[in-house]
1. Among the candidates 332, 307, 340, which residue alone is touching a residue at least 24 places away in the same chain (Cβ under 8 Å) and not assigned by TED's automatic domain parsing to the domain that holds residue 168?
2. Going through 103, 74 one at a time, which residue ends up being free of Cβ contacts under 8 Å to residues at least 12 places away in the same chain and assigned by TED's automatic domain parsing to the domain that holds residue 117?
3. Only one residue in 171, 155 is surrounded by fewer than 23 Cβ atoms within 10 Å (Cβ to Cβ), in the same structural domain as residue 47 (by TED's automatic domain parsing), in contact (Cβ under 8 Å) with a residue 12 or more places away in the chain and within 21 Å of the chain's Cα centre (by Cα). Which one?
4. Answer with yes or no whether residue 29 is under 19 Å from residue 150 (Cα atoms), in the same structural domain as residue 154 (by TED's automatic domain parsing) and either modelled with pLDDT under 95 or over 20 Å from the mean Cα position of the chain (by Cα) (or both).
5. Only one of (1) in contact (Cβ under 8 Å) with a residue 40 or more places away in the chain; (2) under 27 Å from residue 158 (Cβ atoms) is not met by residue 31, so which one is it?
6. Determine, yes or no, whether residue 157 is modelled with pLDDT under 90 and part of a helix (DSSP H, G or I).
7. Which of the following residues is buried (at least 22 other Cβ atoms within 10 Å of the Cβ), at pLDDT 90 or above and farther than 30 Å from residue 330 by Cβ: 56, 74, 68, 103?
8. Does the stretch 176-219 hold any residues that are closer than 19 Å to residue 19 by Cα, under 20 Å from the mean Cα position of the chain (by Cα) and in a helix (DSSP H, G or I), and which are they?
């Protein structure tokens, strides 16, 4: 001891997140008055929101609080098993004949975590006297499938575990405490952008960085990619912003196919959210939401039977169990968040923009027609067009922001051609109703 098994390096560009670090400290830092009981904390949230970077920063900055720190890549079972082999070998828990045996190493590591005896150099294991137990921290990074780490979860009476996951259930099904990460604060974004570009703070730079970060939704990964682009073009932040036409940031993000090695993150904005791995039903649901206001889509709008012959097979989920499964799939990856009280779905605007950017022109038009159909069917029409007493105002007010969004999208998608007649008539009727 000490023993630090971390296949990562310290990121010198890390900034901010001090309140989150304090929250983790309150749970994970060992204290003499409460030394018993496994302490666990989970960082949840959207891919690219900064979970791994916070965990990595914590693993280096809290070396003085722990005798042993272990980092496990937890996105695949084989990587988890390999991580436990590395820990077993580093702690010298296995004989030479068992050094590559994953089952033996897992057993030995879990046993040591339950009774982490410290071994002083050149001291025999049978030396008499009080046995000192090590203070350890194990980090499971990218545990998006929480079932993968159940067989590796410490069943110990002491110790600390930090998990990063896109699945919000990890905060309750695995860890005892956790937080769903939000984007960085505006000031943190300014500092991050300036630090990664290598630019000293000044009023001109601050204003340009603030403007750029706001367009990127204050998402750390997007900021890191744009900073890479600025640095490689040998520009200042202000120069980059002044040269950048509106609406071209997604194209700029796509020009960075990989990040610098020191960022230690394998994803870019083009790959981090893995839309292509979603089931057909989940894809259809999320792409239909592309044309709606991202700040809150009531579920009664989305959970409907789609019966329209003009649309090709879009695999839209049927109401009930199929819809719930598709919705849960999106929630599990933190692509969307569900407000249980209001039964509404929300998602980050930049995620919506990236999802939209993935669709071809034909797909855009098909999913736009699908969203129109959902809005048209969800609207509560008055029985008497001249008497609005039975008009369900609250329900229609929930739909109104999405109709406004659809109207803006219509002028973009159908500038040179007409909307198919069955959808056009429904859209016109819907706009007439809104006009009341």
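1. Working: 307 fails: touching a residue at least 24 places away in the same chain (Cβ under 8 Å); 340 fails: touching a residue at least 24 places away in the same chain (Cβ under 8 Å).
The conditions single out 332.
2. Checking each option against the conditions leaves just 103.
3. Working: 155 fails: within 21 Å of the chain's Cα centre (by Cα).
Selected residue: 171, the only one of 171, 155 that is surrounded by fewer than 23 Cβ atoms within 10 Å (Cβ to Cβ), in the same structural domain as residue 47 (by TED's automatic domain parsing), in contact (Cβ under 8 Å) with a residue 12 or more places away in the chain and within 21 Å of the chain's Cα centre (by Cα).
4. Details: under 19 Å from residue 150 (Cα atoms): no; in the same structural domain as residue 154 (by TED's automatic domain parsing): yes; either modelled with pLDDT under 95 or over 20 Å from the mean Cα position of the chain (by Cα) (or both): yes.
When the stated conditions are applied, residue 29 does not pass them.
5. Failing condition for residue 31: (1).
6. On the way: modelled with pLDDT under 90: yes; part of a helix (DSSP H, G or I): no.
Here the answer is no, as residue 157 does not meet what is asked.
7. Details: 56 fails: farther than 30 Å from residue 330 by Cβ; 74 fails: farther than 30 Å from residue 330 by Cβ; 103 fails: buried (at least 22 other Cβ atoms within 10 Å of the Cβ).
After ruling out the rest, the residue left standing is 68.
8. 186, 188, 189, 192
The values are calculated or read from the model by the stated rules, or taken from the named source; none is laboratory data. The model shown is predicted, which means the values in this text are computed figures rather than measured ones. As a convention, Cβ positions derive from the backbone with ideal geometry for all residues, glycine included, and neighbour counts pool all protein chains shown.
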